[in-house]
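**Student:** Encoded as structure tokens, here's the structure I'll be asking about.
The values are calculated or read from the model by the stated rules, or taken from the named source; none is laboratory data. Everything numeric in this text was worked out from a predicted model, so none of it was measured. A quick note on method: Cβ atoms are made from the backbone with ideal geometry, for glycine too, and the neighbour counts reach across all protein chains shown.
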Amino acid sequence: MLCYCKVVAIVPANTLMADQAIGPRGRFVVLEGIDGCGKSTQLEALRRWLPSSGLLANKAELLVTREPGGTALGAALRQLLLHPPGDAAPEPMAELLLYAADRAQHVEQCIRPALAAGHWVLSDRFSGSTAAYQGYGRGLDLDRIAQLDQLATGGLVPDLTLWLELPLAESLRRRGERTADRIEASGEAFLQRVVDGFAALAAGRGWRRVDATEAPEQVTAACRDLLLAELALGSPL
């Protein structure tokens with residue numbers, strides 16, 4: 001299953017809400033990290049592996065999604081945030097509020113219904129990215145960001161966050177000549193603050209670190225090992 005993501009077909013959120021609960025609450029897994037760390041590659045690798053991994057309960061399905069852009073509203077907000085027309089680029093506080101609106105819609109339409117039905121959710125970014133980019137990067141108050149995130153998520157937190165750690169220099173090398181979006185184009189000083197922010201958040205929130213400088217196959221193996229260790233059937237939430 002996919003909720004408004006480019007990788008595979010879309011399953012609307014109301015389809016999930018119509019499902020009968022199939023057992024215990026599902027699991028919520030998030031990939032975090034700076035652009036170029038390989039989240040999209042690992043998201044696809046895990047999408048292919050998880051259904052046959054033995055981790056999902058009987059009849060549980062996998063919803064693969066992203067932020068921003070995990071809903072129809074989120075897709076419109078993603079375009080405004082990353083590729084705004086003309087002089088429509090949001091100021092930092094407006095940017096923060098738009099990300100919060102995307103997350104609130106995402107949680108209510110996609111993530112929470114899927115988890116309640118016993119399904120798994122695999123997301124490219126969640127709350128950690130807001131703290132890293134708008135908090136550490138833009139310099140907005142982290143306590144206020146946390147309060148706003150509490151409103152947007154209703155207290156929902158991932159069961160497991162995998163942080164794909166990558167130095168900024170390698171991120172820039174991998175990006176090469178590709179045209180930067182509005183966030184990526186905010187400058188190296190901004191991006192270094194984001195990198196440092198992810199490191200601080202990972203230490204403070206108990207994220208699991210994955211060395212994203214390794215070959216993609218090795219990164220995938222590390223992600224699989226962490227999922228098996230942390231979220232095996234019968235292990236506590």
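**Student:** Name the residue, out of A169, A180, that is in a loop (DSSP other than H, G, I, E, B) and without any contact (Cβ under 8 Å) to a residue 24 or more places away in the chain.
**Tutor:** When all the criteria are applied, what remains is A180.
**Student:** Looking only at segment 156-197, which residues are among the hydrophobic types (A, V, I, L, M, F, W, C) and out of contact with any helix residue (DSSP H, G or I) (no Cβ under 7 Å at 6 or more places or on another chain)? Before the answer, list the steps.
**Tutor:** Within segment 156-197, the first condition is being among the hydrophobic types (A, V, I, L, M, F, W, C), and the residues that meet it are 156-157, 160, 162-164, 166, 168-169, 172, 180, 183, 185, 189-191, 194-195.
Result: V157, L166, A169, L172, A180, A185, A189.
**Student:** Take segment 43-55 and flag every residue that is outside any loop (DSSP other than H, G, I, E, B), of a type outside the set (A, V, I, L, M) and either touching a residue at least 24 places away in the same chain (Cβ under 8 Å) or buried (at least 18 other Cβ atoms within 10 Å of the Cβ) (or both).
**Tutor:** Of everything in segment 43-55, those that are outside any loop (DSSP other than H, G, I, E, B), of a type outside the set (A, V, I, L, M) and either touching a residue at least 24 places away in the same chain (Cβ under 8 Å) or buried (at least 18 other Cβ atoms within 10 Å of the Cβ) (or both) turn out to be E44, R47, W49.
**Student:** Among (1) surrounded by 21 or more Cβ atoms within 10 Å (Cβ to Cβ); (2) in a helix (DSSP H, G or I); (3) at pLDDT below 95, where does C5 come up short?
**Tutor:** All conditions are met except number (2).
**Student:** Now, a different point. Could we say that A185 is part of a helix (DSSP H, G or I) and at pLDDT below 95 here?
**Tutor:** Judged against the criteria, A185 is a match.
**Student:** Find the residue count for segment 146-165, including only residues that are surrounded by fewer than 22 Cβ atoms within 10 Å (Cβ to Cβ), of a type in the set (A, V, I, L, M, F, W, C) and under 23 Å from A189 (Cα atoms).
**Tutor:** The total comes to 0.
**Student:** Here's a check for you: in segment 61-110, which residue that is among the small types (G, A, S) and at pLDDT below 95 is nearest to L148 (Cα to Cα)?
**Tutor:** So, considering only residues that are among the small types (G, A, S) and at pLDDT below 95, the one nearest to L148 (Cα to Cα) is A89.
**Student:** When you scan segment 155-183, how many residues do you find that are charged (D, E, K, R) and over 29 Å from R224 (Cβ atoms)? Explain how you work it out, then say what you get.
**Tutor:** Taking segment 155-183 as the starting set, the residues that turn out to be charged (D, E, K, R) are 159, 165, 170, 173-175, 177-178, 181-182.
Next cut, over 29 Å from R224 (Cβ atoms) only: 177, 181-182.
Residues in segment 155-183 being charged (D, E, K, R) and over 29 Å from R224 (Cβ atoms): 3 in total.
So that you can scan it fast, the table gives a plain yes or no per residue for (1) closer than 28 Å to Q109 by Cβ; (2) surrounded by fewer than 16 Cβ atoms within 10 Å (Cβ to Cβ):
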{"residue": "F126", "(1), (2)": "yes, no"}
{"residue": "R173", "(1), (2)": "no, yes"}
{"residue": "I183", "(1), (2)": "yes, no"}
{"residue": "F198", "(1), (2)": "yes, no"}
{"residue": "R208", "(1), (2)": "yes, no"}
{"residue": "D211", "(1), (2)": "no, yes"}
{"residue": "A222", "(1), (2)": "no, no"}
{"residue": "A232", "(1), (2)": "no, yes"}
